[in-house]
């Protein structure tokens, strides 16, 4: 006997049950393809909204810092500003130099303020009044032409924050040292 006769034949699957052709429905392969297609219109709408959002926010970031234009001629202004009889008595002057640092000057003290927080602290101290009892109500910001617009606006905002009633802005070409 050979090894072939010792092996058992693999089992055969049972025959399928008889199919009644009247009960069965034909399989439609085309309808399944039509159901699987996805509508991409909402996804395209979301992509366009995101694109518009990023374009708008990018344009805001470009407008944060602006350089002040320098005057074109050296002629004096035609408008006159009336001067009070005591210009230093009730005024605090903040200098913004070309390196964007602040210097606060009052009738009592003159100090440098390296940051915006220090500027507010020194303006609050100046707002308390001097030894004669005068409380300053005006703020003069003298900014160098090379100073950043952001720093000049921060100095004006600091004056408003401490309660200065009148704010003035002056552009100077050279820092007074």
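The values are calculated or read from the model by the stated rules, or taken from the named source; none is laboratory data. None of the values given here were measured: they were computed from a predicted structure. Positions of Cβ are generated from backbone atoms using ideal geometry, with glycine treated the same way; all protein chains shown enter the neighbour counts.
Candidates in region 102-116 are the residues that are free of Cβ contacts under 8 Å to residues at least 40 places away in the same chain and surrounded by fewer than 17 Cβ atoms within 10 Å (Cβ to Cβ); of these, the one that is farthest from the chain's Cα centre (by Cα) is 108.
Residue 134: touching a residue at least 12 places away in the same chain (Cβ under 8 Å) and assigned to a helix (DSSP H, G or I), yes or no? It is false that residue 134 is touching a residue at least 12 places away in the same chain (Cβ under 8 Å) and assigned to a helix (DSSP H, G or I). Would you check if residue 119 is in contact with a helix residue (DSSP H, G or I) (Cβ under 6 Å, 6 or more places away or on another chain), in a strand (DSSP E or B) and either touching a residue at least 12 places away in the same chain (Cβ under 8 Å) or more than 20 Å from residue 90 (Cα to Cα) (or both)? Here the answer is no, as residue 119 does not meet what is asked. Of the residues making up region 128-135, not a single one is touching a strand residue (DSSP E or B) at 6+ places or on another chain (Cβ under 6 Å), surrounded by 15 or more Cβ atoms within 10 Å (Cβ to Cβ) and at pLDDT below 90.
Close Cβ contacts (under 8 Å, 6 or more residues apart or on different chains) running from residues in region 141-157 that are touching a residue at least 60 places away in the same chain (Cβ under 8 Å) and on the phi < 0 side of the Ramachandran plot to residues that are surrounded by 20 or more Cβ atoms within 10 Å (Cβ to Cβ) and outside any strand (DSSP E or B) comprise 143/151; 143/152; 143/155; 147/97; 155/119.
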